[in-house]
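A.B. asks: Dumping the structure here so I can ask a few things about it.
The values are calculated or read from the model by the stated rules, or taken from the named source; none is laboratory data. Computed from a predicted structure; not experimentally measured. Here the Cβ is made from the backbone with ideal geometry for all residues, glycine too, and neighbour counts use every protein chain on show.
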């Protein structure tokens, strides 16, 4: 669907391209408070032409204004401080936004199929361990990107690439053979495996020969010995079951689960091929791929001197299989913390040397931490993700009970689940992913300010108005009339809703969920001002009442669906 604000953008972009030529000129959205819809900066072109940017902007604004007609969406162009500001015909713009929302319904904001595939790698834990808070950001940022990119019109494939290979699993297999108890494993598979891993390392301090035992057991696994393989596959299966239960609480569902071990042989074959092509080379007994011209920067080590592959070469083999399997792939996106910058820089350069430049995108993010003593930990070192989510639900239930003590217990539990977990997700995604974040329970669960409960409550408030109006569930208000929206608060809210498709587009192109979160917060603020100043149910005249109801309905849909793109469910009541 070609939305009204997109049509204006395309018209301005064509004017600017015809005026200035290539590269495609920049068309910006002016700062908040401006009445202009778009602005075209003239500074770069003024410098090239050797003229004053303010004078250039004035000449361009005057020239473009001569081509305007009374029927167009654009009303005028004005020059200001070196920019050409674009002003729309307000009545036609409001009518266009309402028409877009009405005709698109539940699909409002989404974009047409772009014919491009994007593969997103996210979560990607080690098997045989519970998910910790350290996995939170990759998981929810990755899922939000998947949702947003799909809404933008991309075909998206989500992959959970599990680490299940290496000496550490030989140690775990040996520990299970020595101290494992089938009854405990059946009752709590991941808990028992974690206890065994910790026990192995405690014993290792007293008996260093256990290191060799672990290596020997891993060699048996590598060689495909039946006993080790069967047990290792059980570990994988139980790990995946555990992971999917935990991430399911966050609304996360993996399209594919791939295992690092599946790429051991493929990595060897790839390395041999790259050696033949001269892309890889021998160095001090190892095999490397030189990825930087600066020799002080480390290359990608593909094979160690003992003949074994590394995670880097298995990751490279996996990347190439993704490109082949899901062709044509426009981007391979990895939602991984900043600590892995060097790994992904090497991986991107290796792919470039193989023939796939600019395909890898490392969507990096900062660290997450929690205040001291806020929730339980095991051995004072690790906070597990389920513990964090349990604590969020518990705190949300306390607040909901205080605010609404008469709410039925089962309803309160469901609301607490959506509010608590939504608060955890929003506290992360509402901030620029590059920044480190610290959870602040009070701010996360606040019913005012920039928080999930505030946005959820705004959507619930809209739904309540529609229920009081007697509108059938799922039926859209028809025949809204933008001429009936005269109040500044009504106009502000319509304009905010009109930016929903663009907010999705910007969040997708920048891989930035916080852009969408910030947009939704703005919509909720506009709704609050509208709700305070404008009567909906008691509006004077049926046409005005229906138009305002249509505006409330569109707002509820944008808030609920926008939150869903972030992975946040909206309660039915609050």
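A.B. asks: Considering only residues that are exposed (fewer than 14 other Cβ atoms within 10 Å of the Cβ) and either modelled with pLDDT of 95 or more or touching a helix residue (DSSP H, G or I) at 6+ places or on another chain (Cβ under 9 Å) (or both), which ones fall in the stretch 529-557? It would help to see each step written out before you state the result.
C.D. replies: Within the stretch 529-557, the first condition is being exposed (fewer than 14 other Cβ atoms within 10 Å of the Cβ), and the residues that meet it are 532-533, 535, 537-538, 540-542.
532, 533, 535, 537, 538, 541, listed by residue number.
A.B. asks: Continuing with this model, one more query. Among the residues of the stretch 282-291, is there at least one that is in a loop (DSSP other than H, G, I, E, B), modelled with pLDDT under 95, touching a helix residue (DSSP H, G or I) at 6+ places or on another chain (Cβ under 7 Å) and assigned by TED's automatic domain parsing to the domain that holds residue 341?
C.D. replies: Scanning the stretch 282-291, I find at least one residue that is in a loop (DSSP other than H, G, I, E, B), modelled with pLDDT under 95, touching a helix residue (DSSP H, G or I) at 6+ places or on another chain (Cβ under 7 Å) and assigned by TED's automatic domain parsing to the domain that holds residue 341, so the answer is yes.
A.B. asks: Would you call residue 503 assigned to a helix (DSSP H, G or I), closer than 18 Å to residue 565 by Cα and in contact (Cβ under 8 Å) with a residue 12 or more places away in the chain? It would help to see each step written out before you state the result.
C.D. replies: Values: assigned to a helix (DSSP H, G or I): yes; closer than 18 Å to residue 565 by Cα: yes; in contact (Cβ under 8 Å) with a residue 12 or more places away in the chain: yes.
Yes: the conditions hold for residue 503.
A.B. asks: Evaluate the following for residue 60: is it closer than 25 Å to residue 494 by Cα and either crowded, with 19+ Cβ neighbours inside 10 Å or free of Cβ contacts under 8 Å to residues at least 40 places away in the same chain (or both)? Show your work before the answer.
C.D. replies: On the way: closer than 25 Å to residue 494 by Cα: no; either crowded, with 19+ Cβ neighbours inside 10 Å or free of Cβ contacts under 8 Å to residues at least 40 places away in the same chain (or both): yes.
So residue 60 fails the test.
A.B. asks: Please find, within the stretch 177-197, the residue that is nearest to residue 221 (Cα to Cα) out of those that are surrounded by fewer than 13 Cβ atoms within 10 Å (Cβ to Cβ) and within 39 Å of the chain's Cα centre (by Cα). So that I can check it myself, show each step before the final result.
C.D. replies: At the first step, the residues of the stretch 177-197 found to be surrounded by fewer than 13 Cβ atoms within 10 Å (Cβ to Cβ) are 181-183, 186-187.
Still in the running and within 39 Å of the chain's Cα centre (by Cα): 186-187.
Working: 186: 22, 187: 25 Å.
So, considering only residues that are surrounded by fewer than 13 Cβ atoms within 10 Å (Cβ to Cβ) and within 39 Å of the chain's Cα centre (by Cα), the one nearest to residue 221 (Cα to Cα) is 186.
A.B. asks: Is there a residue in the stretch 197-215 that is touching a residue at least 12 places away in the same chain (Cβ under 8 Å) and in a loop (DSSP other than H, G, I, E, B)?
C.D. replies: no
A.B. asks: Can you name every residue in the stretch 18-52 that is under 21 Å from residue 506 (Cα atoms) and surrounded by fewer than 15 Cβ atoms within 10 Å (Cβ to Cβ)? First the steps, then the outcome.
C.D. replies: First pass over the stretch 18-52, keeping only residues under 21 Å from residue 506 (Cα atoms): 23-41.
23, 24, 26, 28, 31, 32, 33, 34, 35 - these are the residues of the stretch 18-52 that are under 21 Å from residue 506 (Cα atoms) and surrounded by fewer than 15 Cβ atoms within 10 Å (Cβ to Cβ).
A.B. asks: Regarding residue 268, is this residue closer than 25 Å to residue 222 by Cα and surrounded by fewer than 17 Cβ atoms within 10 Å (Cβ to Cβ)? Step through it out loud before you land on a result.
C.D. replies: Working: closer than 25 Å to residue 222 by Cα: yes; surrounded by fewer than 17 Cβ atoms within 10 Å (Cβ to Cβ): no.
For residue 268, the condition - closer than 25 Å to residue 222 by Cα and surrounded by fewer than 17 Cβ atoms within 10 Å (Cβ to Cβ) - is not met.
Residue-by-condition table, conditions (1) part of a helix (DSSP H, G or I); (2) more than 18 Å from residue 143 (Cα to Cα):
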site	(1), (2)
508	yes, no
511	no, no
528	yes, yes
531	yes, yes
538	no, yes
545	yes, yes
551	yes, yes
558	yes, yes
563	yes, no
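A.B. asks: OK, next. Among the residues of the stretch 324-336, is any without any contact (Cβ under 8 Å) to a residue 40 or more places away in the chain and within 19 Å of residue 116 (Cα to Cα)? Break it down stepwise before answering.
C.D. replies: Residues of the stretch 324-336 that are without any contact (Cβ under 8 Å) to a residue 40 or more places away in the chain, as a first pass: 324-325.
From what's left, within 19 Å of residue 116 (Cα to Cα): 324-325.
Yes, there is a match, as at least one residue in the stretch 324-336 is without any contact (Cβ under 8 Å) to a residue 40 or more places away in the chain and within 19 Å of residue 116 (Cα to Cα).
For (1) at pLDDT 95 or above; (2) in contact with a helix residue (DSSP H, G or I) (Cβ under 8 Å, 6 or more places away or on another chain), each residue gets a yes or a no:
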{"residue": "373", "(1), (2)": "no, no"}
{"residue": "380", "(1), (2)": "no, no"}
{"residue": "387", "(1), (2)": "no, no"}
{"residue": "402", "(1), (2)": "no, no"}
{"residue": "416", "(1), (2)": "yes, yes"}
{"residue": "419", "(1), (2)": "yes, yes"}
{"residue": "442", "(1), (2)": "no, no"}
{"residue": "447", "(1), (2)": "no, yes"}
{"residue": "458", "(1), (2)": "yes, yes"}
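A.B. asks: Also, I was wondering about something else. Do we have residue 173 as in contact (Cβ under 8 Å) with a residue 40 or more places away in the chain and in the same structural domain as residue 215 (by TED's automatic domain parsing) here? It would help to see each step written out before you state the result.
C.D. replies: Numbers: in contact (Cβ under 8 Å) with a residue 40 or more places away in the chain: yes; in the same structural domain as residue 215 (by TED's automatic domain parsing): yes.
Yes, satisfied.
A.B. asks: Report, by residue number, each residue of the stretch 121-156 that is part of a helix (DSSP H, G or I) and within 24 Å of residue 558 (Cβ to Cβ).
C.D. replies: Let us first name the residues in the stretch 121-156 that are part of a helix (DSSP H, G or I), namely 133-151.
Within the stretch 121-156, 140, 141, 142, 143, 144, 145, 146, 147, 148, 149, 150, 151 meet the criteria.
A.B. asks: Can you find even one residue in the stretch 157-179 that is farther than 28 Å from residue 366 by Cβ, in a loop (DSSP other than H, G, I, E, B) and out of contact with any strand residue (DSSP E or B) (no Cβ under 9 Å at 6 or more places or on another chain)?
C.D. replies: No, the stretch 157-179 contains no residue that is farther than 28 Å from residue 366 by Cβ, in a loop (DSSP other than H, G, I, E, B) and out of contact with any strand residue (DSSP E or B) (no Cβ under 9 Å at 6 or more places or on another chain).
A.B. asks: Another question, if that's okay. Which one of these does residue 82 not meet: (1) farther than 21 Å from residue 1 by Cβ; (2) surrounded by 16 or more Cβ atoms within 10 Å (Cβ to Cβ); (3) in contact with a strand residue (DSSP E or B) (Cβ under 6 Å, 6 or more places away or on another chain)?
C.D. replies: Here residue 82 clears every test but (3).
A.B. asks: A further question follows. Out of 260, 237, 244, which single residue is buried (at least 19 other Cβ atoms within 10 Å of the Cβ) and within 30 Å of residue 122 (Cβ to Cβ)?
C.D. replies: Numbers: 237 fails: buried (at least 19 other Cβ atoms within 10 Å of the Cβ); 244 fails: buried (at least 19 other Cβ atoms within 10 Å of the Cβ).
Step by step, each of 260, 237, 244 is checked, and only 260 is buried (at least 19 other Cβ atoms within 10 Å of the Cβ) and within 30 Å of residue 122 (Cβ to Cβ).
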